[in-house]
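Asks: Below: one structure in structure tokens.
The values are calculated or read from the model by the stated rules, or taken from the named source; none is laboratory data. Note that the structure is a prediction, hence the values are computed from the model and not measured. Don't worry about glycine lacking a Cβ; one is built from the backbone with ideal geometry, like all the others, and counts go over all protein chains shown.
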Amino acid sequence: MLFTYPREDQVCAVSQVLQAETQNARPLAAFPAWRPVLQVAVLGGLSLWLYASTLVRLVAQWRHDPNFSHGFLVPLFSAFVVWQERPKLACLKRRPSWSGILILVMGLCLLLLGQMGAELFLSRISLLFVLAGMIVFFLGWNFFQALLFPWALLLLMIPIPAIIFNQITFPLQLLASKIASAILPWLGVPVLREGNVIVLPGKALEVADACSGIRSLMSLATIAVIYGYLVERRLVPRVLLALASLPIAVAANSLRVVITGLLVQYWDPDKAEGFFHEFQGWLMFVASLFMLYILHRVVRVFWPEGNTKSSSSPISVSSFTSPIGSDRVTRQLRSLYFVIVALLIASAALALQFRGSLENVPSDQLSSFPKQIGNWVGSDLQLDEATLDTLGHPHYLLRVYRDPAGKLPTVDLFIPYFSSQRTGDTLHSPQNCFPGSGWTAEENRRITLSVAGQSPFPANRYVIVRAGARALVLYWYWAHARGVASEYWAKYYLVKDSILMNRSDGALIRLVIPMFSGESAEEAEQRLSPFTDSIVPLLNDYIPR
């Protein structure tokens, strides 16, 4: 993602050759000076029409999600880089390439797939392909090579897909809790760690998403790239600064957890929350920036810039020559290019308008799910607001089923249901949730459930442990009478159903029973199977098919 631009003397050398080329070119017919400006304005307006809903949701996520608030900075800095490089860009000769149309069409296809398939990341990443396609088609591969850094920088403004984001957050949470629980005893604070929960004498600390390091990592990585571009000419140190943002963010957030533990132990347990906790976050981010600066100074000491050649390589005219594009494109052909691009963008926008923005949003009947199933009698529980914020505020059923006679196991049934997943709220794997409550995994495997009246489908069998207690978890994803165990298959069917059925609803089915001492997972699953066999046939009656 880090690239080095040519020095001024190199660019001037290229420009002299290019000027010699242009002097041999035949003069073109008179052409109104305002027409290119009008064409740019028209293409800009069509692009805004096409991406209006995508950009509105993107900016809204920047505003409301602290993990990606750095998104506001990225396009501004990218535009600054383009503006700063305008003298070098002026030296390049336009060599439009028809291969740009292929990139543009691919970008528009990604947008259509993302919009129709309820996949925000595809919709957003398509913007970069559309932009790249227009650069190559109108200006050529030489211009795209020169603009590669500001174009690639725009990747940092696009939020990571939730299915990947959760996979990154959990290991960082676990790492921060392990480091903090190893340091605190050296400072006189007794610690018991259970998953991502650090139990202190005065309070239990949960290493939540905000303390995992992912928030500061995203912002710090962005600033590291910007800092490297502004103060460092060499490629290797730039890459080193960007890569260093990961260990620096982890170290800073581990230190944040340690400081929180010291506040709980030696001052006031309530100081672990509220203003002091948030202030620590800002303080640790400033400390991260200072560590990044110190690292750069160390690099300068051991590897002075004057002792090495610039990583920039001489540029030849051939490096800017597109093998596909024409050497001399008339202004009439440029108008043809404009018409082609305008028609493609307008066609994609009309296709989305024709499909319509309203999807089929069915209503669920979870609230009327039977409270008595066989000899089990259920009682409802409520989730707190913080948990609902993490889950994305789905419709949900959280119920504990007990046998009054005490002969059958107590079962926790949890069914979060999203009637629409187009806005980014989606189902979360229980494997990312249980560690936040202090549970650790003992076993995790895939099984097949065979229930009368339903085709066999895969499910996850998950054994968790906390403070000596063990529990068996069975869970799977359910949508339109179909059960799958994998998050990725659930995402695939979400896109498919959104395109074919114009629906993006889905649910997670999770069953939990406590395990006896010495009981195997197979034995616990056998005890749970009568309840499982009873509820699976009911799912289609209360979760829309």
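Asks: Of all residues in the stretch 366-395 being surrounded by 12 or more Cβ atoms within 10 Å (Cβ to Cβ) and of a type in the set (S, T, N, Q), which is nearest to residue 138 (Cα to Cα)?
Replies: 390
Asks: If you don't mind, another one. Quick check on the stretch 127-142. Is at least one of its residues farther than 25 Å from residue 226 by Cβ and touching a Cys at 6+ places or on another chain (Cβ under 9 Å)?
Replies: Checked the stretch 127-142: no residue is farther than 25 Å from residue 226 by Cβ and touching a Cys at 6+ places or on another chain (Cβ under 9 Å).
Asks: Quick one: what pairs do we get from the stretch 237-248, first residue under 11 Å from residue 221 (Cα atoms), second among the β-branched types (Val, Ile, Thr) and surrounded by 19 or more Cβ atoms within 10 Å (Cβ to Cβ), C-beta under 6 Å, 6+ apart or different chains?
Replies: 242/225
Asks: Just name the residue that is farthest from residue 519 (Cα to Cα) out of those in the stretch 409-449 that are among the hydroxyl-bearing types (Ser, Thr, Tyr) and modelled with pLDDT of 90 or more. Spell out how you get there, then give the answer.
Replies: First pass over the stretch 409-449, keeping only residues among the hydroxyl-bearing types (Ser, Thr, Tyr): 410, 417, 419-420, 423, 426, 429, 437, 440, 448.
Now drop any that are not modelled with pLDDT of 90 or more, which leaves 410, 417, 448.
Values: 410: 16, 417: 32, 448: 20 Å.
Taking the candidates together, the pick is 417.
Asks: Being out of contact with any Leu (no Cβ under 6 Å at 6 or more places or on another chain) and either of a type in the set (Ser, Thr, Tyr) or at pLDDT 85 or above (or both) is the requirement here; does residue 295 meet it? Steps first, answer last, please.
Replies: Values: out of contact with any Leu (no Cβ under 6 Å at 6 or more places or on another chain): yes; either of a type in the set (Ser, Thr, Tyr) or at pLDDT 85 or above (or both): yes.
Criteria met by residue 295.
Asks: Kindly indicate the residue of the stretch 170-224 that is at pLDDT below 75 and among the basic types (Lys, Arg) and also nearest to residue 239 (Cα to Cα) among those meeting that condition.
Replies: That would be 215.
Asks: Test residue 128 against the criterion of being under 25 Å from the mean Cα position of the chain (by Cα) and in contact (Cβ under 8 Å) with a residue 40 or more places away in the chain, and give yes or no.
Replies: On the way: under 25 Å from the mean Cα position of the chain (by Cα): yes; in contact (Cβ under 8 Å) with a residue 40 or more places away in the chain: no.
No; evaluated as a whole, the condition is false for this residue.
Asks: Here's a check for you: in the stretch 158-186, which residue that is within 28 Å of residue 57 (Cα to Cα) and aromatic (Phe, Trp, Tyr) is surrounded by the most Cβ atoms within 10 Å (Cβ to Cβ)?
Replies: Of everything passing the filter in the stretch 158-186, 170 is surrounded by the most Cβ atoms within 10 Å (Cβ to Cβ).
Asks: Give the residue, chosen from 160, 164, that is within 18 Å of residue 126 (Cβ to Cβ) and in a loop (DSSP other than H, G, I, E, B).
Replies: On the way: 164 fails: in a loop (DSSP other than H, G, I, E, B).
Unique residue meeting the criteria: 160.
Asks: Being part of a helix (DSSP H, G or I), without any contact (Cβ under 8 Å) to a residue 24 or more places away in the chain and surrounded by fewer than 20 Cβ atoms within 10 Å (Cβ to Cβ), is that true of even one residue in the stretch 93-103? Quick ask: steps written out before the conclusion?
Replies: Looking only at the stretch 93-103, we keep the residues that are part of a helix (DSSP H, G or I), and these are 99-103.
Of the ones still in play, those that are also without any contact (Cβ under 8 Å) to a residue 24 or more places away in the chain are none.
No; the residues of the stretch 93-103 include none that is part of a helix (DSSP H, G or I), without any contact (Cβ under 8 Å) to a residue 24 or more places away in the chain and surrounded by fewer than 20 Cβ atoms within 10 Å (Cβ to Cβ).
Asks: I've got another one for you. Residue 486 - would you say it is surrounded by fewer than 18 Cβ atoms within 10 Å (Cβ to Cβ), among the small types (Gly, Ala, Ser) and within 23 Å of the chain's Cα centre (by Cα)? Reasoning before the result, please.
Replies: Details: surrounded by fewer than 18 Cβ atoms within 10 Å (Cβ to Cβ): yes; among the small types (Gly, Ala, Ser): yes; within 23 Å of the chain's Cα centre (by Cα): yes.
Taking the combined requirement at face value, the residue satisfies it.
Asks: Got a number for residues in the stretch 116-125 being part of a helix (DSSP H, G or I), at pLDDT below 90 and within 17 Å of the chain's Cα centre (by Cα)?
Replies: So the first thing to find is which residues in the stretch 116-125 are part of a helix (DSSP H, G or I), and the list is 116, 120-125.
In the following step, the residues that additionally are at pLDDT below 90 were identified as 116, 120.
Filter once more, so that each one left must be within 17 Å of the chain's Cα centre (by Cα): 120.
So the answer is 1.
Residues are listed down the side, and each one gets a yes or a no for (1) surrounded by fewer than 16 Cβ atoms within 10 Å (Cβ to Cβ); (2) touching a Gly at 6+ places or on another chain (Cβ under 9 Å); (3) over 30 Å from residue 61 (Cβ atoms); (4) outside the structural domain of residue 465 (by TED's automatic domain parsing):
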residue	(1), (2), (3), (4)
153	no, no, no, yes
156	no, yes, no, yes
188	yes, no, yes, yes
192	yes, no, yes, yes
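Asks: Would you please list the contacts, defined by Cβ atoms under 7 Å and residues six or more apart or on different chains, that run from a residue in the stretch 148-168 that is at pLDDT below 80 to a residue that is not in a helix (DSSP H, G or I)?
Replies: Sorted first by the residue in the stretch 148-168, then by its partner, the pairs are 162/424; 162/426; 166/428; 166/429.
Asks: Now for a different question. Filter the stretch 447-465 down to residues that are in contact with a helix residue (DSSP H, G or I) (Cβ under 8 Å, 6 or more places away or on another chain) and of a type in the set (A, V, I, L, M) and give me whichever is surrounded by the most Cβ atoms within 10 Å (Cβ to Cβ).
Replies: The extreme case among them is 464.
Asks: When you check residue 136 against the structure, is it in the same structural domain as residue 69 (by TED's automatic domain parsing), of a type in the set (A, V, I, L, M) and either over 22 Å from residue 48 (Cβ atoms) or not in a loop (DSSP other than H, G, I, E, B) (or both), yes or no? Spell out the reasoning first.
Replies: Values: in the same structural domain as residue 69 (by TED's automatic domain parsing): yes; of a type in the set (A, V, I, L, M): yes; either over 22 Å from residue 48 (Cβ atoms) or not in a loop (DSSP other than H, G, I, E, B) (or both): yes.
Considered against the rule, which asks whether it is in the same structural domain as residue 69 (by TED's automatic domain parsing), of a type in the set (A, V, I, L, M) and either over 22 Å from residue 48 (Cβ atoms) or not in a loop (DSSP other than H, G, I, E, B) (or both), residue 136 comes out as yes.
Asks: Which of the residues spanning the stretch 518-536 are more than 19 Å from residue 485 (Cβ to Cβ) and either touching a residue at least 24 places away in the same chain (Cβ under 8 Å) or crowded, with 18+ Cβ neighbours inside 10 Å (or both)?
Replies: Correct list: 519, 527, 530, 534.
Asks: The conditions are (1) surrounded by 21 or more Cβ atoms within 10 Å (Cβ to Cβ); (2) over 23 Å from residue 400 (Cα atoms); (3) not aliphatic (A, V, I, L, M), and residue 496 fails exactly one of them. Which is it?
Replies: That leaves (1) as the condition not met.
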